[in-house]
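Notes follow once the structure below has been shown.
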Amino acid sequence: MKRYLLLLTSLLLPGIAGAHSIETGKPLPPVFIANEGEVVMQQQTLGYQRWSIQSLTGKVHMVIHVAGRLSAKDQNAPLIDTIQQAHFPRGRFQTTTIVNTDDSILGSAIFVERSIKASKRNAPWQHFVIDSSGVALNSWQLTPHGSAIVILDVQGIVRFAKDGALTPQEVSRVLALLSQMISSAPAQSDDAFSS
């Protein structure tokens, strides 16, 4: 019955179903993650620090919000692969992956966190944030069990946002947008190339 009502609601109100609170041309709605937060590496030791969207300025940013599930990770894998192959300069471009471990399969959160930590060790310049309370999901009104992509300019203003899997055309559009934004972004201290 509950499933039937949800389906009926999504058919009758398509503008509301899947709607998120992220608006192009505006800053991201505020998010502060105090429980766990950003995975940081200091002298080969991993730890956590509080994280806020206020840290997302000064470079072009791609924010990836993903549920702690393989199915969610796979939704935007084509975009992530394309971005990795583009080798954008790290001094001008940064990805931040927020993993909602509150939205993981029962008992799997520990394995999701291990995978994030392994990714941080392999790519220490990448930003990984563990959101164990679903703060970003709720603040941005994202779809549970899914993946969202947000592109921010150097001032932290949203230039693209999509809750769900990107189409091949959207992947091309995001790549073109990023290339244009990065070419006009001021260089930061570390202008090595990301991979």
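Points to keep in mind about this one:
- Test for residue 82: is it at pLDDT 90 or above, polar (S, T, N, Q) and open to solvent by 80 Å² or more (accessible area, probe 1.4 Å): no
- Residue within the range 56-66 that is open to solvent by less than 50 Å² (accessible area, probe 1.4 Å), basic (Lys, Arg) and at pLDDT 90 or above present: yes
- Test result for residue 100, at pLDDT below 95 and either aromatic (Phe, Trp, Tyr) or crowded, with 19+ Cβ neighbours inside 10 Å (or both): yes
- Close pairs (8 angstrom Cβ cut-off, 6 or more residues apart or separate chains): of a type in the set (Lys, Arg) in the range 52-79, open to solvent by 40 Å² or more (accessible area, probe 1.4 Å) and assigned to a loop (DSSP other than H, G, I, E, B) anywhere: 59/92; 59/188; 69/105; 69/145
- Among the residues of the range 135-165, those that are part of a loop (DSSP other than H, G, I, E, B) and either hydroxyl-bearing (Ser, Thr, Tyr) or within 13 Å of the chain's Cα centre (by Cα) (or both) comprise 142, 143, 146, 164, 165.
- Selection status of residue 172, polar (S, T, N, Q) and over 15 Å from the mean Cα position of the chain (by Cα): yes
- Looking only at residues of the range 26-55 that are more than 18 Å from residue 133 (Cα to Cα) and touching a helix residue (DSSP H, G or I) at 6+ places or on another chain (Cβ under 7 Å), we find that the one that is surrounded by the most Cβ atoms within 10 Å (Cβ to Cβ) is 28.
- Hits in the range 171-189 (condition: closer than 21 Å to residue 23 by Cα and without any contact (Cβ under 8 Å) to a residue 40 or more places away in the chain): 172, 173, 176, 177, 180
- Of the candidates 147, 172, the single residue that is closer than 18 Å to residue 78 by Cβ, open to solvent by 60 Å² or more (accessible area, probe 1.4 Å) and small (Gly, Ala, Ser) is 172.
- Tally of residues being over 13 Å from residue 51 (Cβ atoms), in contact with a helix residue (DSSP H, G or I) (Cβ under 7 Å, 6 or more places away or on another chain) and open to solvent by 40 Å² or more (accessible area, probe 1.4 Å) across the range 103-141: 0
The values are calculated or read from the model by the stated rules, or taken from the named source; none is laboratory data. Remember, it's a predicted structure, so these values are computed and weren't measured experimentally. Please note: Cβ atoms are built from the backbone with ideal geometry, for glycine as well, and neighbour counts cover all protein chains shown. All accessible areas refer to the heavy atoms of the entire protein, side chains included, with ligands and DNA or RNA removed. Shrake-Rupley method; radii C 1.70, N 1.55, O 1.52, S 1.80 Å.
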